[in-house]
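One structure is given here, and the rest of the page talks about it.
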Amino acid sequence: MKITKDLAYLLGVIGGDCSIYIKEGKEYTLRIYDKDKKFAKNVLVPLTKKVFKVKPRVRFVKERNSWYVTIRSKNVIKTLTRKFKYPAGQSKTYEGRVPQQILNCGNLSIIISHIAGWVDAEASSKIKTFRTEYGTYKYPCIELELVNNKILEELHLLSKKANILSTRPIKARRKYRKDQKQRYVICWNGVGKCSLISKFMRHPTKLLKLKNCISSSGRPI
């Protein structure tokens, strides 16, 4: 399977909010979750058809307030787990990595497409401010927070390679439950980096929010 921008993006989404389930000889299932109906139906469904050559099932799951895009295909699952090394089951969250095919890629569009897939699956955007004697400066920020620090380190290296350098992964500051695992975060700060990533994003709600953050940024008059 040749690495294209579509595949690189989809691998980023799958690396994020997705589950892979295997019951050998009986069931091979990929599920992608998202709360946005338009993203599920207008982006993920046609994209998975195009890339994997299979027709997914899409449905709304009220208990999780999310849309499920489900693919049941042995060939697709074997490709994800064997070729791209995505773990199945709960280990995907803690042991998953960016595929070597992406890490070794020299095509900047493919690299940023993969980063954009992660952003659409897991990240959020906001406006950061800092104050000087001349006034308050505002700039957009994309934050990606995960429990898997290794993935963030690899995304940091990819963003450096693509000239949209992120911050290094640090421990996320948040209120943790007693049973909650430590989380880590990286950020892409500034109009230039956020604008470039936005050109590769496909999630309608997240893209609109990021564009609003970009347009709201600026220096004091």
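Pairs with C-alpha atoms separated by more than 27 Å, drawn from the list Lys41/Lys150; Lys50/Lys126; Lys50/Lys74; Lys2/Lys161, are Lys41/Lys150; Lys50/Lys126. Counting only residues at least eight positions apart within a chain, or on another chain, the aspartates and glutamates with an alpha carbon under 15 Å from that of Lys175 are Glu145.
Over segment 1-112, what is the mean sequence separation of C-alpha contacts under 8 Å (at least six apart), divided by residue count, expressed as relative contact order in percent? Display every interim value, and only then the final one.
Working: 148 pairs, mean separation 31.7, N = 112.
Averaging sequence separation for qualifying contacts and normalising by length gives 28 percent for segment 1-112.
Solvent exposure of the chain amounts to 56 Å² per residue of accessible area, where only protein heavy atoms count and the probe is 1.4 Å.
Taking all protein chains as present, what is the carbon and sulfur share of the accessible area of the chain, in % to the nearest whole number, probe 1.4 Å? Intermediate results must be reported in sequence, preceding the final value.
Values: 6000 of 12300 Å².
Result for the chain: 49 percent of the exposed heavy-atom area is carbon or sulfur.
Using only Cα atoms, what is the ratio of the radius of gyration of segment 1-122 to 2.2 N^0.38 Å? List each step's numbers first, then the result.
Details: Rg = 13.6 Å, N = 122, 2.2 N^0.38 = 13.7 Å.
Its radius of gyration relative to the 2.2 N^0.38 Å reference: 0.99.
Under a model in which nothing but the beta-carbon of Lys, Arg (+1) and Asp, Glu (-1) is charged, segment 92-221 shows a dipole of about 420 debye around its Cα centre. Taken about its Cα centre, the chain carries a charge dipole of roughly 500 debye when the Cβ of each Lys and Arg holds +1 and the Cβ of each Asp and Glu holds -1. Backbone phi angles across segment 81-90, fed through the Karplus curve with coefficients 6.51, -1.76 and 1.60 (θ = phi - 60°), yield HN-Hα couplings of 7, 9, 6, 9, 6, 7, x, 9, x, 5 Hz in residue order; Gly and Pro are listed as x. Around the amide H of Lys35, modelled in the peptide plane, lie the amide H atoms of Trp67, all under 5 Å away and 5 or more residues distant in sequence or on another chain. Taking all protein chains together and rolling a 1.4 Å probe, Phe60 ends up with roughly 90 Å² accessible.
Compared with the rule-of-thumb size 2.2 N^0.38 Å for a compact globular protein, the chain has a Cα radius of gyration ratio of 1.05. When the charge dipole of the chain is built from unit charges on Cβ atoms (+1 for Lys and Arg, -1 for Asp and Glu) and taken about the Cα centre, the candidate among Leu47, Ser216, Phe130 whose Cα reaches farthest toward its positive end is Leu47.
Compactness of segment 158-220 is given as radius of gyration and Dmax, 14.6, 44 Å, from Cα positions.
The values are calculated or read from the model by the stated rules, or taken from the named source; none is laboratory data. Every value quoted in this text rests on a predicted model; they were computed, and no experiment measured them. When we count neighbours, we look across all protein chains shown, and the Cβ atoms used for this are built from the backbone with ideal geometry, even at glycine. Keep in mind that these areas ignore ligands, DNA and RNA; they rest on the heavy atoms of the full protein, side chains included. Shrake-Rupley method; radii C 1.70, N 1.55, O 1.52, S 1.80 Å.
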